[in-house]
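Engineer: Sharing a structure with you now.
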Amino acid sequence: MPDAAMVQQMFARVADRYDRANKVLSLGTDRRWRNAVAAVAGLSAGERVLDVCAGTGDLTLALARRGAAAVGADFCAPMLVHARRKGAAVDAASRPRAWLAADALALPFDDASFDLATVAFGIRNVADPVAGLREMARVVRPGGRVVVLEFCKPRVPLLRTIYFCYFRHVLPRLGRWITSDKGGAYSYLPASVMGFPEREAFLDLMRQAGLVQPRARYLSLGIAAVYRAERTTG
Ligand SMILES: C[S@@+](CC[C@H](N)C(=O)[O-])C[C@H]1O[C@@H](n2cnc3c(N)ncnc32)[C@H](O)[C@@H]1O
């Protein structure tokens, strides 16, 4: 189980180079994956969206660009510095409504404040993922959606071998080199992905959080997944 203070410090250390590392390490696919979140969520313009673990804000910005009234929240201030800077650079119509420092386990919002809650590559870093999902469910209205983008392990044998090799051996070295991080952030990344529930096991976490109708869409031959579930209307 990840330690919150360790996670916070780790992202603070890599914040300045996080975006660059993301682009290189995901071979440019991260943007396409974040765009898939809006499609799976069935986002409509004007919907109120909370993006938790927003980091440097790329998913929040993508949702706001599609007309959502988006709010980005993260507990790591240095990551939010970049989110705010990027938000300020886009035109007012597609700018997120707010960025705020908040813990995914104690969101500072009333019940049913949003139509949709999202999280991209964040839930596996939250100390208690089910509690995090439950908190996201709490802040969406009955019938509202919770949508999660996470890494997944591909099932096609050859791709699986290449993926494991890249993830275990290439990515930590490349990540260290791009970010100059000596603290192991890019060794933590593959370790956290390898041990995290995926596919049906993740859908079970959504059920444990009280969400209904969980389903998954797999991206890039199963390297990533978008999970979607709903808050009960009853
Ligand atoms: C891998 S980054 C993902 C950032 C962004 N969503 C993206 O797609 O690039 C994970 C983020 O989750 C944040 N995070 C982890 N645990 C958190 C928690 N309990 N509350 C709020 N943010 C958290 C970290 O600070 C970090 O910015």
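Engineer: Take the residues of region 124-150 that are in a helix (DSSP H, G or I) and within 16 Å of Phe75 (Cβ to Cβ): which is nearest to the ligand (Cβ to nearest atom)?
Structural biologist: Going through the qualifying residues, I end up with Asn125.
Engineer: Let me ask you something else. Of these, Leu50, Leu63, which one is assigned to a helix (DSSP H, G or I), under 29 Å from Gly28 (Cα atoms) and either touching a Leu at 6+ places or on another chain (Cβ under 7 Å) or not polar (S, T, N, Q) (or both)?
Structural biologist: Just a single option satisfies the conditions, and that option is Leu63.
Engineer: Could you tell me which of the residues Phe151, Phe121 is surrounded by 15 or more Cβ atoms within 10 Å (Cβ to Cβ), hydrophobic (A, V, I, L, M, F, W, C) and under 15 Å from Ala216 (Cβ atoms)?
Structural biologist: Checking each option against the conditions leaves just Phe151.
Engineer: Inside region 151-174, can you point out the residues that are outside any strand (DSSP E or B) and closer than 23 Å to Ala38 by Cβ?
Structural biologist: Cys152
Engineer: If you go through region 8-27 one residue at a time, do you hit one that is outside any loop (DSSP other than H, G, I, E, B), touching a strand residue (DSSP E or B) at 6+ places or on another chain (Cβ under 9 Å), at pLDDT 95 or above and within 10 Å of the ligand (Cβ to nearest atom)?
Structural biologist: no
Engineer: Could you say whether any residue in region 171-188 is loosely packed, with under 13 Cβ neighbours inside 10 Å, modelled with pLDDT under 90 and within 24 Å of Ala104 (Cα to Cα)?
Structural biologist: no
Engineer: Let me ask something else. Select from region 100-123 the residues that are small (Gly, Ala, Ser) and more than 9 Å from the ligand (Cβ to nearest atom) and write down the one among them that is nearest to Gly195 (Cα to Cα).
Structural biologist: Applying the filter and picking the extreme gives Ala117.
Engineer: OK, next. Regarding region 69-79, can at least one residue be identified that is of a type in the set (Asp, Glu), in contact with a Gly (Cβ under 6 Å, 6 or more places away or on another chain) and surrounded by 17 or more Cβ atoms within 10 Å (Cβ to Cβ)?
Structural biologist: yes
The values are calculated or read from the model by the stated rules, or taken from the named source; none is laboratory data. On a predicted model such as this, the values are computed, not experimentally measured, just so you know. Here the Cβ is made from the backbone with ideal geometry for all residues, glycine too, and neighbour counts use every protein chain on show.
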